[in-house]
Amino acid sequence: MEGFESEEESFDIDYISSSGVYKTPFSLIVFLQFYFGVFMIILVNLWYWNYLYFFIKGDLLFPMHVIEEDWFKWILILLLPLNIYGNIFLFAFSIILFSAGVFKLLNKFHPTREGVFEKGSKDWKYMHRRFWTAYFPIWLARALPLPWSDIFVYRFFGVRIGKNVVAYEGYIDPELVEIGDFTMTSVNIGIFSHLIYHDKVIIKRVKIGKACIVGPQTITSPGTTIHDGAVLGANSYTNIGQELESDLIHVGTPVSTSFPIQTLEESIEKDELIRKSKHSTNNGGVP
């Protein structure tokens with residue numbers, strides 16, 4: 001099947017899979033990424049390790065010009081903690097840059113297309129390859145003790161993320177996802193532009209507008225459009241191709257109920273009415 005069977009095609013799906021990406025020989029790219037990071041650490045640190053070995057053993061691991069003064073030896077020793085810490089970032093960012101290059105090559109060979117594709121098709125295979133190429137770098141970015149490093153990496157892999165976006169712990173597909181300015185995603189969320197269902201993969205663009213909230217424990221399915229100011233409530237998920245209207249809270253599994261967002265004043269007024277109603281009930285209806 002190439003693309004959608006028809007413009008009106010819909011899927012009556014009672015559950016949402018996880019990433020749905022299988023392990024194949026291409027999954028081993030994670031090991032290639034890891035060894036590339038290790039290689040970069042060795043390459044960049046050869047001179048430093050050679051100097052340390054020279055000051056400890058009085059010999060060189062490989063020939064090079066050395067500064068033999070004691071002051072330089074103490075500088076190298078004092079820099080050791082910084083060197084170890086710096087190598088963590090060198091490992092992560094070298095893998096991120098290497099993987100982004102591979103990701104761009106895969107998109108050149110076969111660009112991402114929206115549609116419904118059979119298992120084993122070219123679109124299926126390249127979706128899988130792009131997923132595993134981005135998986136490890138995104139995980140590393142989230143593990144780094146740097147704020148917004150994941151935002152940087154998501155943009156690097158093609159996610160369109162606006163200004164002042166908060167992305168807490170969760171998973172965001174690295175392609176065909178747009179997130180508007182001032183939007184917040186909560187913990188344990190999944191934003192999927194692809195979904196494997198039986199022997200087909202569904203790939204559709206996800207658009208999340210400005211000033212939206214994607215609540216905790218939610219799944220945003222392929223083709224979902226969340227309009228400006230909308231809220232996807234906790235423990236909810238959207239249907240494929242579902243639209244969530246602006247300035248409403250949407251809940252359900254799948255989303256089936258919407259209600260207005262209250263201001264602080266409205267919430268206080270509602271709370272007071274509830275308290276009065278309870279007080280009246282407890283006193284036998286006497287105010």
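The values are calculated or read from the model by the stated rules, or taken from the named source; none is laboratory data. From a predicted model like this one, the values you see are computed outputs, not experimental measurements. Neighbour counts run over all protein chains shown; Cβ positions are idealised from the backbone, glycine included.
Of note:
- Matching residues in segment 158-180 - criterion: being in a loop (DSSP other than H, G, I, E, B) and on the phi < 0 side of the Ramachandran plot: V159, G162, K163, V165, Y168, E169, D173, P174, E175, G180
- Test result for D150, acidic (D, E), modelled with pLDDT of 90 or more and not in a strand (DSSP E or B): no
- Qualifying residues in segment 185-216 (those that are polar (S, T, N, Q) and crowded, with 22+ Cβ neighbours inside 10 Å) - the one nearest to P260 (Cα to Cα): T185
- Candidate set from segment 103-142 (those that are touching a strand residue (DSSP E or B) at 6+ places or on another chain (Cβ under 9 Å) and among the β-branched types (V, I, T)); member that is farthest from V206 (Cα to Cα): I138
- Scanning segment 84-101 for residues that are touching a residue at least 24 places away in the same chain (Cβ under 8 Å) and crowded, with 16+ Cβ neighbours inside 10 Å returns N87, L90, F91, A92, S94, I95, I96, F98, S99, A100.
- Odd one out for E175 among (1) farther than 24 Å from F36 by Cβ; (2) touching a residue at least 40 places away in the same chain (Cβ under 8 Å); (3) of a type in the set (D, E, K, R): (1)
- Which listed residue, of F182, F152, is over 17 Å from I226 (Cβ atoms) and surrounded by fewer than 23 Cβ atoms within 10 Å (Cβ to Cβ): F152
- Single unsatisfied condition, G115 versus (1) on the phi > 0 side of the Ramachandran plot; (2) modelled with pLDDT under 90: (2)
- Residues satisfying the criterion are absent from segment 256-269 (criterion: closer than 30 Å to K104 by Cβ and surrounded by fewer than 22 Cβ atoms within 10 Å (Cβ to Cβ)).
- The condition (being in a strand (DSSP E or B), farther than 27 Å from F117 by Cβ and either modelled with pLDDT under 80 or not aliphatic (A, V, I, L, M) (or both)) is satisfied by just one residue among T281, T257: T257.
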